[in-house]
Amino acid sequence: MAISRERKEELVSIYSNLLRGTDGFIITENRGLNVDKMDDLRDKLRAVSGTYAVTKNTLFMIALRENGWVVPEELLTGPVAIAFGNGNLPAVAKVVQGYLKDNGDFFAVKGGVIANSVFQAKDLETISSLPTLEEIRAQLAGLIVQPAAQLAGLLQAATSQVVNVIQAYLDDRNPPQAGEAA
């Protein structure tokens, strides 16, 4: 059944909104996933700020072009759905990778786009091994805190040394009197 021009424009708008909020996406092929399994995948992706949408290939290609994304036409054939990484593509890739292991008969990864570069299905494991946004934040916090902690330690050591020098000076100027404890 043909869809109206208005519905096509609406779908391109929806795809454009999804593309504006993503740092990359994974193109999957559905080979008979039932609604329950698709909802399960959507729930798992939502838990890591991902989105999963079944797309009309031609309309999705229009949205890609309109938003300045590279268009992987060779990957956009057949029954396609897209897993969008909304700021955390490595976490989305991990979910898709795990889902692929459990549902490989009904679900396949074709490839995707990250940083406006097309990747193939074989590269998904590499992308899923990248650090997640939370891991990168923790690493950055560690890099920022470590020098500050070292500086605080140096300042404390310097202060202690100054106090020791002053105490030695005072001890030299005021030697203990006979009968006083040293």
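Under 8 Å for C-alpha pairs, at least 6 residues apart: give me the relative contact order for the range 16-106, rounded to a whole percent. The partial results should precede the final answer.
Details: 116 pairs, mean separation 42.6, N = 91.
For the range 16-106, the relative contact order is 47 percent.
Quick check: net charge around Asn164, other residues with Cβ under 14 Å of its Cβ, Lys/Arg +1 and Asp/Glu -1?
Working: positive: none; negative: Asp171, Asp172.
Charge balance in the 14 Å sphere: -2.
Helix-only estimate, please: 222 nm mean residue ellipticity of the chain, summing -39500 (n - 2.57) across DSSP H runs of length 4 or more and dividing by its residues, to the nearest 500. Provide the component values of the computation, followed by the final result.
Values: 6 runs with 99 residues, N = 182.
Counting only the DSSP helices, I get -18000 deg cm²/dmol.
Could you grab the relative contact order for the chain? Cα pairs under 8 Å, six or more apart, rounded to a whole percent.
Working: 213 pairs, mean separation 45.7, N = 182.
Dividing the mean separation by the residue count of the chain yields 25 percent.
Which label belongs to the value computed from this structure, given these candidates for semi-axes √(5λ) of the Cα gyration tensor in Å: (1) 62, 17, 13; (2) 21, 19, 17; (3) 24, 18, 16?
Recomputing semi-axes √(5λ) of the Cα gyration tensor in Å here gives the entry labelled (1).
Quick one: what are the phi-derived ³J(HN,Hα) couplings along the range 5-16, Karplus 6.51/-1.76/1.60 with θ = phi - 60°, whole Hz, x for glycine and proline?
Computed from phi, the couplings for the range 5-16 are 4, 4, 5, 4, 5, 5, 5, 4, 5, 4, 4, 4 Hz.
Where a number appears in this text, it was derived from the coordinates with a stated rule and is not lab data. Given the structure is predicted, the values throughout are model-derived calculations rather than measurements. In this analysis, Cβ positions are derived from the backbone assuming ideal geometry, glycine residues included, and neighbour counts consider all displayed protein chains.
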